[in-house]
Amino acid sequence: MGSATTQALAATTKALDAASGVDLDVAGELFAAARAVGDSSQLSGALADSAAPVDARRQVVTAVFGPSFAPATVSLLTTAVEQRWSRASDLVDGIEELAVRAAAVAEPTADVEEELFRFSRTVAENSELELALGSRLGDASAKATLVHTLLDGRASAATALIAASLAQQPRERRIRQLLSRATRLVADQRGRTVATVFAAAPLSTAQVDRLATSLSQRYGKKVSLNTVVDPTVVGGLRVQIADDVIDASVSARLADLRQRLAG
């Protein structure tokens, strides 16, 4: 990610934090805008062209999205196009990120992180489902319908919106990667970071609480845990937070021992 895009994302996130009237309709419109911009090289080029006057970019947003989108959505999109992006595709990703964050804002009490994580595990464990959602040949609306059907009664409206929207616009990305990224974005929007814990057996509530407290102290931010039962761990734990991996599993220690014995 280029420095221009990093600064642009910070600006759009700040604008979202200061915005009022952000609901699921706004989040849905932002996802729709991301699809529209991503599907049109002409539109993405016009909106992401830093050489074009800022007023011209604002006018494009007003002309294309103003007649049908809520004022809050148009305002956020205007902030996005006012920024300088390293690449045109980064603008599309930035609007999509804004949509995910908006969905998190719209339903602050919903456990969106946990629900997205569980759905990503369902996808990972079902190759046919992953193929259906990830195929470039599949109909976008059919993918959205499938996600809503699977999550109906099992997840919040915010989670269903995020998962269905991402399935409609993979842009050469795997659905599991999109869901994982969305989980991290939701956590970040709520001032947390996400740790994935691999254990040989389910952890007790006390173990989860102790581990979450320890990791929060280590990283200086509240850490929420997603647990995956993985028999190959054998014993102990393997914890992944972003690019950091803390491997205190028995399998890791055995592998290290074998390596040392082998010389």
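The values are calculated or read from the model by the stated rules, or taken from the named source; none is laboratory data. On a predicted model such as this, the values are computed, not experimentally measured, just so you know. Positions of Cβ are backbone-derived with ideal geometry, glycine not excepted, and every protein chain shown enters the neighbour counts. Side chains are part of the model used for accessible areas, which takes the heavy atoms of the whole protein and leaves out ligands, DNA and RNA. Shrake-Rupley method; radii C 1.70, N 1.55, O 1.52, S 1.80 Å.
Numbers for the structure displayed
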item	result
Among the candidates Thr109, Thr145, Thr149, residue that is within 19 Å of Ser224 (Cβ to Cβ), without any contact (Cβ under 8 Å) to a residue 40 or more places away in the chain and open to solvent by 40 Å² or more (accessible area, probe 1.4 Å)	Thr109
Residue ranges of helices (runs of 4 or more DSSP H) in segment 1-55 with at least 3 members open to solvent by 50 Å² or more (accessible area, probe 1.4 Å)	3-18, 24-39
Ser135 vs. criteria surrounded by fewer than 17 Cβ atoms within 10 Å (Cβ to Cβ) and of a type in the set (S, T, N, Q)	yes
Within segment 152-199, tally of residues that are within 18 Å of Glu128 (Cβ to Cβ), open to solvent by 50 Å² or more (accessible area, probe 1.4 Å) and not in a helix (DSSP H, G or I)	1
All positions within segment 1-43 that are under 18 Å from Leu185 (Cα atoms) and of a type in the set (Ser, Thr, Tyr)	Thr5, Thr6, Thr12, Thr13
Search result, residues across segment 14-31 that are touching a residue at least 24 places away in the same chain (Cβ under 8 Å) and among the aliphatic types (A, V, I, L, M)	Ala15, Leu16, Ala19, Val22, Leu24, Val26, Ala27, Leu30
From Val81, Val64, residue being open to solvent by less than 10 Å² (accessible area, probe 1.4 Å) and either hydroxyl-bearing (Ser, Thr, Tyr) or in a helix (DSSP H, G or I) (or both)	Val81
